[in-house]
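One structure is given here, and the rest of the page talks about it.
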Amino acid sequence: MVTDRELLGEATTSLKEHQQRVRQRKSLLNAKLKSCLSGKSRIVLEIGCGHGHWLTDFAVTNREVLCVGIDLIGNRIERANRKASRVGLDNVLFLKAEANEFLDQLPVGLKIESVFILFPDPWPKKRHWKKRIMKTGFLDKLSDRCFEGARLHFRTDHRDYFDWATNAVAFAETWNLFSDAHWPFERETVFQSKADAYQSLIAEKRKI
C-alpha cells in the first residue's frame, strides 16, 4: 500500500522534473532567439502560425521586414520552414514556442512592430477560457515588447471569442481599438476558407 508520504514524494519529484524541463526549454529558446535575431531591432510576429502559409505569403510581399511565426506543434514548424526555404525567403523564421515564453526570451532591444493572431483555438467551454490567448494580462505583456503605435490584428470565426477579445482589449490599458482600420494583408487561411463568417479586430499600442 502506498503511503501519503510516498505519494507526496512522487508529486514533489514530478514537479521538480517539470520545472527542470521548463527551464531547459526556455534556455534553448533564449539561445535560439539570440542566434537568429542577433543585430535585429524589429520583427513582425504571428502567434499560432500553423504551417506558415499566411506568414510566408506576407513575407514574400514585405521583403523589408523580418517575420517570425511561432506555434506549439513541432511538425507544423518543420513544414513552415521547409515551405519558406522552397520559396527562397531570408526574411521569415518559424519557431516552436509558447507565446508567453517567446516574449520573455525575446532579446533586449528588439521590438515588435505588428502582431497577427489568426483563428486561434477559441476554447469554447467556460472551464477552458483561462487558456485563451486574448486576455488582458497577455495583452499587457505583449505591449511591453512592442513599439509605440504597433498594431495587433486578431481574427476569429467564433463570435463569442471575438466579443471576449474585444472586451479584453478594451480593458487593457495599453491598447486602443480601431473600429475602421484597414486589414493590411489578405491571404485566406485554412480556417478562414472553412468559415461561414469571421470577425476581425485591430488595436494599436497606445502612445505614452
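Computed values, structure above
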quantity: Scope the stretch 101-150; condition more than 25 Å from Pro184 (Cα to Cα) and not charged (D, E, K, R); matching residues; calculated: Gln105, Pro107, Val108, Gly109, Trp123, Pro124, His128, Trp129, Gly137
quantity: First in the stretch 186-206 and more than 18 Å from Gly50 (Cβ to Cβ), second anywhere and surrounded by fewer than 16 Cβ atoms within 10 Å (Cβ to Cβ) and modelled with pLDDT under 85, Cβ under 6 Å, 6 or more apart; calculated: Ile202/Ala181
quantity: Helices (runs of 4 or more DSSP H) wholly inside the stretch 93-180 that include at least 2 residues being over 28 Å from Glu78 (Cβ atoms) and more than 11 Å from the chain's Cα centre (by Cα); calculated: 136-144, 159-171
quantity: Selected residue (criterion: nearest to Glu186 (Cα to Cα)) from residues of the stretch 24-81 that are touching a residue at least 40 places away in the same chain (Cβ under 8 Å) and among the polar types (S, T, N, Q); calculated: Thr61
quantity: Subset of the stretch 13-67 that is among the acidic types (Asp, Glu) and surrounded by 12 or more Cβ atoms within 10 Å (Cβ to Cβ) - its residue that is nearest to the chain's Cα centre (by Cα); calculated: Glu46
quantity: Pick from the stretch 68-79, criterion of a type in the set (A, V, I, L, M) and at pLDDT 95 or above, ranking: nearest to Gly48 (Cα to Cα); calculated: Ile70
quantity: Hey, Ala31 touching a Phe, Trp or Tyr at 6+ places or on another chain (Cβ under 6 Å) and of a type in the set (A, V, I, L, M) or not; calculated: no
quantity: Residue within the stretch 123-138 that is touching a Ser or Thr at 6+ places or on another chain (Cβ under 8 Å) and either surrounded by fewer than 12 Cβ atoms within 10 Å (Cβ to Cβ) or at pLDDT 95 or above (or both) present; calculated: no
quantity: Residue pairs meeting the criteria (Cβ under 9 Å; at least 6 apart or on separate chains; first on the phi > 0 side of the Ramachandran plot, in the stretch 143-169; second buried (at least 19 other Cβ atoms within 10 Å of the Cβ) and not hydrophobic (A, V, I, L, M, F, W, C)); calculated: Gly149/Lys205
quantity: Filter result for Ser41 (of a type in the set (Ser, Thr, Tyr) and at pLDDT 90 or above); calculated: yes
quantity: Residues of the stretch 82-92 that turn out to be free of Cβ contacts under 8 Å to residues at least 12 places away in the same chain and either in a helix (DSSP H, G or I) or surrounded by 13 or more Cβ atoms within 10 Å (Cβ to Cβ) (or both), as a count; calculated: 3
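The values are calculated or read from the model by the stated rules, or taken from the named source; none is laboratory data. These numbers come from a predicted model, not from an experiment. Cβ sites come from the backbone with ideal geometry, for glycine too, and all protein chains shown count toward neighbours.
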